[in-house]
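A short worksheet on the structure shown next.
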């Protein structure tokens, strides 16, 4: 079953795709989020860590909204810098530093047109001097918000980035960056827990405002298709929102997908039932979560061979948990360490979330505890349906974790070697990969793919290298279509 979309605002999933007014209208921040935003605006280096779609970009953009120049009364200057640039994936050393400096300076001149700055820098020290001059001229400290700084598929240039991050930080300049699980190569000079404060963005299911967050998001994005009339006393809106929020491990992007799928499952019924939710979860598992592994495989560079074992691990975890109706697992530390990279991939795509690094096991020893997304578990439940007892058990957070020890299937699983020399395969994919599909539910139309292909834009790399001006010259491509194309490309390469 293909995704059906009922409201235009549900199409826009990335925080960067909103203009300022839309961003404020469709985003809601909890008290926990606001503490994080406060740290992003304050002194000191910060790393935001979380799975894709969990809201890192939204937090960074909201932080920048409260700083100068977007907030004239802001006590610091906030420069939001997206590092989604293809050349950054391919360069290192002096070439990487020069390109990085150019990106930062371009954003300074764009966001602070009233400030006269040197327009070129070739070293970190030169960039630092420019930033110090900007801070001095405005009598404000600088906060640099680096979005999409690093993830699993971009480890070749990470040591360069973190060297810059560490060197730039001083009393006048505060560096912040968003990273994904799996960023392990910080470089020899960067001590992650001493050189920065690490904030895990994953939302706590037991937080008092967890339910309210997802109710607010549903109200803002699905005012018509999921209005109050769709909910009953047996399953009120807060309960449904909590269950769906817990199901996707608190991931905001996945929650929006789940709302779309719930609308499809209701299909004209008067109110939401557990049967509708079960169907929505199963469809989300088949049409969104499992295709994610297919989608990210060509983005992982040297770790592309780890996707197949990651899928095997996921199938084992969900099957065993589904059979017992549990939603958490404990994996023996020895096994978790050996399977670290495929487990990081599963965390990156939202299949699992690590909750405890070390927990005692009934079978002796200690292990890492993960919670699993409920959509994939639902497929393995008895009759593949959620009943009242399962719902109550999952939402009480009192499940009995399934343990994986030396005698388990995970222990016997063999891993392939990483591909030491491996370009990102996604760049060479034909443009037709961007067609609307399970992997890209909000992809391009057949007409648009044909138009691009007919104008000699054959691969994703060629599309990325085509300027906005060149695309706007093509027939039927206006600003909104251009925005849709860029958003889809960003999902294909970075998200």
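Please treat every number below as a calculation from the coordinates, not as lab data. Computed from a predicted structure; not experimentally measured. Using ideal geometry, Cβ is built from the backbone for each residue, glycine included, and neighbour counts are taken over all protein chains shown.
Computed quantities for the displayed model
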read-out	value
Antiparallel bridges, percent of DSSP beta bridges restricted to the chain (to nearest 5)	30
Inter-probe distance in nm under a simple model that places probes 7 Å from Cα toward Cβ, at residue 482 and residue 84	1.6
Efficiency of FRET between residue 34 and residue 459 - r from beta-carbon atoms, R0 56 angstrom, step 0.05	0.85
Binned Cα-Cα distance frequencies in the chain - 20 Å width, integer %	22, 56, 21, 0
Scattering profile of the range 429-493 at q = 0.14, 0.17, 0.18 Å⁻¹ [log10 I(q)/I(0), Debye over alpha-carbon scatterers]	-0.33, -0.49, -0.56
R0 of 56 Å, Cβ-Cβ distance residue 415-residue 25: FRET efficiency to nearest 0.05	0.75
Under the Debye formula (equal points on every Cα, no solvent term), log10 I(q)/I(0) of the range 169-307 at q = 0.11, 0.14, 0.18 Å⁻¹	-0.57, -0.80, -1.05
Net length gained if the chain between residue 364 and residue 430 were fully extended (0.36 nm per residue, minus Cα distance)	18.7 nm
Residue-span extension gain [residue 312 to residue 388] - 0.36 nm each, minus C-alpha spacing	24.4 nm
The range 355-410 versus the range 232-255: alpha-carbon centroid distance in Å	19
Model label zone, residue 125; criterion: amide N under 16 Å from point 7 Å along Cα-to-beta-carbon; scope the range 168-209	168-169
Structure-based [θ]222 nm, the chain - -39500 (n - 2.57) summed over DSSP H runs of at least 4, per residue, nearest 500	-13000 deg cm²/dmol
Global form of the range 295-412, assessed from the alpha-carbon gyration tensor, a/c cut-off 1.5	oblate
Cα extents of the range 31-200 along the three principal axes, largest first (Å)	41, 39, 27
Translational D in µm²/s for the range 140-244 (Stokes-Einstein at 4 °C, 1.567 mPa s, Kirkwood Rh from C-alpha pairs)	76
Of every Cα-Cα pair in the range 329-396, the percent that sits beyond 19 Å	44
Distance from the range 83-127 to the range 292-325 (C-alpha centre basis), Å	37
Shape of the range 23-86, Cα gyration tensor, a/c cut at 1.5	rounded
The range 210-288: equivalent-ellipsoid semi-axes (sqrt of 5 x gyration tensor eigenvalues, Cα, Å)	16, 15, 11
Degrees separating the helix 124-138 axis from the principal Cα axis of the chain, which is the longest one	80
Degrees, to the nearest 10: 479-493 long Cα axis against longest axis of the chain	70
Length gained when the stretch residue 138-residue 42 is fully extended (0.36 nm per residue, less Cα-Cα span)	32.8 nm
Where Rh is the Kirkwood radius over Cα pairs, Rg/Rh for the range 349-495	1.15
Cα gyration tensor shape for the range 72-161, rounded if a/c is under 1.5, else prolate or oblate	prolate
Residue 323/residue 207 FRET efficiency (R0 30 Å; Cβ-Cβ; nearest 0.05)	0.50
Projected-area average for the range 92-137 over all orientations - Cα convex hull basis, square nanometres	2.8
Relative contact order (percent, whole number), the range 295-412, Cα cutoff 8 Å, 6+ residue spacing	33
